[in-house]
Amino acid sequence: MTHFGREVLPYGVFSVGAGPRRVGVAVDDGVLDLAEALGPSWEVPSLNPFLAQGRARWTAVREQVRGLLDQPLVPASEVSLHLPFEVADYVDFYASEQHATNLGRMFRPDGDPLLPNWKHLPVGYHGRAGTVVVSGTDVRRPAGLRGAGPAYGPSEKLDVEVEVGFVVGVGSELGSPVSTAAFEEHVFGIVLLNDWSARDIQAYEYVPLGPFLGKSFATSISPWVVPLEALDRVPVPVQDPPVADYLQVSGDWGLDLRLELSLNGCVLSRPPFAGMYWTGPQLLAHLTANGASLRTGDLFASGTVSGDAVDERGSLIELTWNGRDPFAGRTFLEDGDEATITARTASGLPLGTVTGRIRPV
Ligand code: MN
């Protein structure tokens with residue numbers, strides 16, 4: 001388990017031995033048992049009841065927890081970690097200009113790498129909430145059609161996507177768009193997220209309705225949900241052309257998260273989140289701009305995070321483009337490979353880990 005120190009104070013769901021699941025806060029390298037410290041209402045198998053209580057309660061509990069840091073902790077070695085919240089709906093965006101540009105160049109070498117809508121709205125798709133799994137869960141290699149004809153079989157182009165996921169606490173009613181200014185009322189915090197992607201299945205199926213089976217087999221998230229308060233904010237990138245009114249954002253809503261992707265223990269890249277073109281408040285405003293409702297436990301992810309440098313790319317398809325060999329001749333994942341994403345704040349505070357190992361089909 002990550003050694004979190006005493007400032008981040010992320011929330012998760014854990015159990016000890018055959019005991020019941022309960023909510024805890026990661027402190028140093030142990031877990032503060034909130035069911036012990038604050039009462040039996042915390043002996044629940046998900047964060048959803050807490051998430052639904054809203055910003056004032058989130059702030060009050062964080063203050064309470066700060067006063068409990070010298071209580072006895074459950075040692076990490078005794079703890080089993082579980083999916084921290086019941087995922088309601090899951091959406092994945094495409095918010096990194098560098099990532100969208102890299103993929104555009106690969107798939108449409110003759111045209112403009114960015115499609116005409118890209119700078120006018122945050123492109124996204126609805127994913128599969130039921131296959132979001134907690135870090136440490138093995139991922140079975142998916143099978144599918146990899147081209148026309150009898151080409152059903154195991155994916156030969158299994159990839160990772162380094163992402164950040166936003167966790168919705170307070171929902172909204174059908175027909176009531178959420179403004180960028182209301183982001184903090186609705187969003188509790190973040191998880192690290194690996195959007196496992198079968199590029200061969202994806203490439204064949206995505207026209208014209210977008211990602212489907214090449215993505216829906218598994219999405220891994222970190223077990224600890226980091227509250228927004230723990231994150232370093234930086235100015236948002238300049239957006240040119242100007243965006244629609246409902247997408248305009250005020251305040252510093254860039255998040256300075258330093259991500260790291262490793263494969264079998266070898267660091268492949270360090271994608272920087274601070275330069276993402278579209279920010280969290282804009283993703284949320286867009287997600288609800290048509291009046292779609294939000295629910296407690298909704299998860300919306302940033303899309304692959306890639307920076308300007310080749311060793312800041314957040315997927316293997318980008319890292320191995322043009323014959324680059326960042327790891328032992330790998331182009332895509334092999335059975336037995338273990339991919340891990342970690343992150344830190346600008347000041348070096350750890351934000352957790354999401355890891356998963358590939359099992360044969
Ligand atoms: Mn993705």
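Derivation of every value follows stated rules applied to the coordinates shown; laboratory data play no part. The structure displayed is predicted, hence computed values, not measured ones. Cβ atoms come from the backbone with ideal geometry, glycine included; neighbour counts cover every protein chain shown.
Can you list residues whose amide H is under 5 Å from V132's amide H, if they're 5+ apart or on another chain and H is modeled 1.01 Å from N?
Long-range HN contacts for V132: T219.
Can you tell me what share of the DSSP beta bridges in the chain is antiparallel? A percent to the nearest 5 is fine.
90 percent
About its Cα centre, how strong a charge dipole does region 90-359 have in debye, to the nearest 20, once Lys and Arg get +1 and Asp and Glu get -1 at the Cβ?
580 debye
Between G265, G297, G280, where does the largest GNM mean-square fluctuation fall for the chain, given springs only between Cα atoms within less than 10 Å?
Highest fluctuation among the options: G265.
Any chance you could run the full-extension gain for R57 through E43? It's 0.36 nm times the residue separation minus the Cα-Cα distance, nm to one decimal.
Going from the current span to full extension adds 3.3 nm.
So if each residue of separation counts as 0.36 nm, and I subtract the Cα-Cα distance between Q71 and F212, what length gain in nm does that give?
Net length gain for the segment: 46.1 nm.
List the relative contact order of region 1-132 as a percent without decimals, with contacts defined as Cα pairs under 8 Å and 6+ residues apart.
23 percent
Tell me, what ³J(HN,Hα) does each residue in region 94-107 have, in order and in whole Hz, if you take phi through Karplus 6.51 cos²θ - 1.76 cosθ + 1.60 with θ = phi - 60° and put x for Gly and Pro?
Working through the residues one at a time gives 8, 8, 8, 5, 5, 5, 4, 5, 4, 5, x, 5, 5, 8 Hz.
Using a Förster distance of 35 Å, how high is the FRET efficiency between V16 and R359, based on the Cβ-Cβ distance and rounded to 0.05?
Efficiency, from the Cβ-Cβ distance: 0.80.
Would you pull out the residues with amide H under 5 Å of Y94's amide H, same chain only if 5 or more places away, H placed 1.01 Å from N?
V123
So, by mean Cβ neighbours within 10 angstrom, what's the order for 124-130, 241-247, 53-59 with the highest one leading?
Final packing ranking: 124-130, 53-59, 241-247.
I'd like to know which of V354, T342, L158 lies farthest towards the positive end of the charge dipole of the chain, counting +1 on Cβ of Lys and Arg and -1 on Cβ of Asp and Glu.
Working it through, the farthest residue towards the positive pole turns out to be L158.
Between region 288-349 and region 1-77, how far is it from one alpha carbon centroid to the other, in angstrom?
28 Å
Under a crude label model (7 Å from the Cα following the beta-carbon direction), how far is H3 from L145 in nanometres?
So the label points at H3 and L145 sit 5.2 nm apart.
How would you rank 320-328, 349-357, highest first, on the average number of other Cβ atoms within 10 Å across their residues?
Details: 320-328: 12.9, 349-357: 20.9.
For the peptides 320-328, 349-357, the packing ranking is 349-357, 320-328.
Work out the length of the dipole vector of region 11-82 about its Cα centre, built from +1 on the beta-carbon of each Lys and Arg and -1 on the beta-carbon of each Asp and Glu, and round it to the nearest 20 debye.
It works out to roughly 400 debye.
Hey, what do the phi angles of region 57-65 turn into as Karplus ³J(HN,Hα) couplings, whole Hz, using 6.51/-1.76/1.60 and θ = phi - 60°, x for Gly and Pro?
Once rounded to whole Hz, the list reads 5, 4, 5, 5, 5, 4, 4, 4, 4.
Once phi is turned into ³J(HN,Hα) by the Karplus curve 6.51 cos²θ - 1.76 cosθ + 1.60 with θ = phi - 60°, what whole-Hz value does each residue of region 285-295 show in order, with x for glycine and proline?
3J(HN,Hα) across region 285-295, in whole Hz: 4, 5, 4, 10, 4, 8, x, 4, 7, 10, 10.
Provide the packing ranking of 24-34, 209-219, 175-185, i.e. peptides ordered by the mean count of other C-beta atoms within 10 Å per residue, highest first.
So the order, starting with the most tightly packed, is 24-34, 209-219, 175-185.
Check G144: other-chain or 5+ apart residues with amide H under 5 Å from its amide H, H built from backbone geometry?
Long-range HN contacts for G144: G153, S155.
Given R₀ = 25 Å, FRET efficiency for E185-N117 by Cβ-Cβ distance, to 0.05? Walk me through the numbers before you get to the answer.
Details: r = 28 Å, r/R0 = 1.13.
Efficiency, from the Cβ-Cβ distance: 0.30.
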